[in-house]
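Here the structure is laid out as structure tokens; the discussion comes afterwards.
The values are calculated or read from the model by the stated rules, or taken from the named source; none is laboratory data. Only a predicted model underlies this, so the values are computations on that prediction, with no experimental measurement involved. Here the Cβ positions follow ideal geometry from the backbone for every residue, glycine too, while neighbour counts run over all protein chains shown. Calculation scope for accessible area: heavy atoms of the full protein, side chains included, ligands and nucleic acids excluded. Shrake-Rupley method; radii C 1.70, N 1.55, O 1.52, S 1.80 Å.
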Amino acid sequence: MASSDEKLWRYSSLARLWSWSLIVVGGLLLLLSIAIQAGSDEGLTGRWLATILGITGITGALLFPLFRVWLRRAALPSLRLPQAVRATGPRRLEASPRDWRRWALVTGVILLVGGAALLIFLIGVLGRGGTAEGVVVGVLAAWGAATLEDVRRIRAAEEAEGRRYYASCRRPTGVGSKLVWISGRDARPA
């Protein structure tokens, strides 16, 4: 039975939000890395910039195909679609733009704080040569890019099945635990 305060969060939009949050946080951590290096005794050098950009690119290029394979086996949102059940009971409201902005902010802040903590830890362990910074930025960017393509899979499944998939919850913290679908003719156009 659905709680009256549960909302419907478009599942493909949640996947897109997660993907872009990872990519944007990777970019912000790149800027944080540059600021940390600029404030150090060594300052910004061409060698340091080449190192961080090179390591970011190499890490992203190596991990993107690996993430696509690994995530496709167990961690992509589209893999949960067969577990969705038809939405029943009283009609619930979709999450409002305000709900989405709030959730995007919460997701971004959590990823940024966690990513910054990891970045600073690795800088402390490995030093400020640009390698640690590039690895963290490259991992986040590759993860986000690999997950972003899954949005197309979800939308294609919705189109093929004539359904719209939603997470039914107050906040999408446990998004995978309650996935529902609504017939495409009953859902509002996206």
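Taking every residue in region 64-77 that is without any contact (Cβ under 8 Å) to a residue 12 or more places away in the chain and under 16 Å from A15 (Cβ atoms) and pairing it with any residue that is of a type in the set (V, I, T) and open to solvent by less than 100 Å² (accessible area, probe 1.4 Å), at least 6 positions away or on another chain, the pairs with Cβ-Cβ distances below 9 Å are A75/T147. Within region 1-60, the set of residues being hydrophobic (A, V, I, L, M, F, W, C), within 30 Å of T173 (Cβ to Cβ) and in a loop (DSSP other than H, G, I, E, B) comprises M1, A2.
Just checking, how many residues over region 121-148 are touching a residue at least 60 places away in the same chain (Cβ under 8 Å) and either open to solvent by less than 60 Å² (accessible area, probe 1.4 Å) or among the hydrophobic types (A, V, I, L, M, F, W, C) (or both)? Break it down into steps so the answer makes sense when it comes.
Let us first name the residues in region 121-148 that are touching a residue at least 60 places away in the same chain (Cβ under 8 Å), namely 123, 128-131, 133-148.
Next, from what is left, pick out any that are either open to solvent by less than 60 Å² (accessible area, probe 1.4 Å) or among the hydrophobic types (A, V, I, L, M, F, W, C) (or both): 123, 129-130, 133-148.
Summing the residues that are touching a residue at least 60 places away in the same chain (Cβ under 8 Å) and either open to solvent by less than 60 Å² (accessible area, probe 1.4 Å) or among the hydrophobic types (A, V, I, L, M, F, W, C) (or both) in region 121-148 gives 19.
There is at least one residue in region 94-113 that is within 24 Å of the chain's Cα centre (by Cα), among the acidic types (D, E) and assigned to a helix (DSSP H, G or I).
Does region 103-110 include one or more residues that are at pLDDT below 95, open to solvent by 50 Å² or more (accessible area, probe 1.4 Å) and of a type in the set (F, W, Y)? No, region 103-110 contains no residue that is at pLDDT below 95, open to solvent by 50 Å² or more (accessible area, probe 1.4 Å) and of a type in the set (F, W, Y). Within region 61-91, if we keep just the residues that are modelled with pLDDT of 85 or more and assigned to a loop (DSSP other than H, G, I, E, B), the residue that is surrounded by the fewest Cβ atoms within 10 Å (Cβ to Cβ) turns out to be A84. Restricting the first member to region 82-96 and to residues that are at positive phi, and the second to residues that are of a type outside the set (D, E, K, R), the beta-carbon pairs closer than 7 Å and six or more apart or on different chains are G89/M1; G89/A2. Which one of the conditions (1) within 15 Å of R16 (Cβ to Cβ); (2) open to solvent by 60 Å² or more (accessible area, probe 1.4 Å) does R170 fail to meet, given that it meets all the rest? Going through (1) within 15 Å of R16 (Cβ to Cβ); (2) open to solvent by 60 Å² or more (accessible area, probe 1.4 Å) one by one, R170 breaks only (1).
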